[in-house]
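Worksheet for the structure shown next.
Readers should treat all values here as calculations from the given coordinates under stated rules, not as data from a laboratory. It should be emphasised that the depicted structure is a prediction, and the values quoted were computed from it without experimental measurement. Counting neighbours? That spans all protein chains shown, and the Cβs are built from the backbone with ideal geometry, glycine included.
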Amino acid sequence: MRQKLTLITALVGAHAVLFASFSSVNATAQDNTITSEAQLKLGKLAFIRCQACHTLDAEGEHRTGPNLYGLFGATAGEKAGFDYSDALKKSQIKWSAKSLRAWLKSPSDYLPGNKMAFSGVPSDKEMAALINYLKVNTKKN
Ligand code: HEC
């Protein structure tokens with residue numbers, strides 16, 4: 001009886017391990033296929049943190065922060081009609097997925113003296129979705 005119980009415990013254990021590894025394979029597959037609609041939805045949600053201060057489209061106005069139309073490939077601090085900090089104007093940052101990731105993770109660490117009052121996006125998954133959303137929605141036609 002005791003032996004039988006041990007065997008059952010071992011089997012249940014093995015099953016749990018197998019199940020766990022299968023579900024993590026599934027999760028990875030989902031993450032890789034999330035590029036399209038689901039990721040844009042997640043990016044749109046993430047952008048809620050930004051939209052009080054930023055617009056994205058060609059006709060968008062400056063708010064507390066500058067309009068971000070044509071962001072990718074642009075040099076930081078160059079939008080006409082917006083009063084940037086000296087730190088951002090002098091930074092020579094070129095906006096790319098990589099520099100945006102660093103900026104949005106923690107603006108004050110990445111560029112001390114800037115005036116974007118935003119603490120940062122902590123989640124990597126949210127960050128990836130946000131950057132993808134920005135890429136699609138700030139693209140010049
Ligand atoms: C409280 C207002 C506020 C929030 C919230 C905010 N920003 Fe900003 N953002 C600013 C300001 C102000 C600047 C200009 C900073 C400077 O001049 O130092 C800026 C600058 C930027 C720039 C550089 C633009 C350029 O022309 O070089 C990017 C990119 C940016 N923000 C993206 C974002 C994103 C994405 C979010 C959301 C995750 C966000 N910001 C949240 C106010 C904000």
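Here are the numbers for this structure:
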{"read-out": "Virtual spin-label span in nm between LYS140 and HIS62, 7 Å along Cα→Cβ", "value": "1.9"}
{"read-out": "Span from the segment 124-141 Cα centroid across to the segment 64-103 one, whole angstrom", "value": "15"}
{"read-out": "Cα-based convex hull volume of segment 27-141 per residue, rounded to whole Å³", "value": "104"}
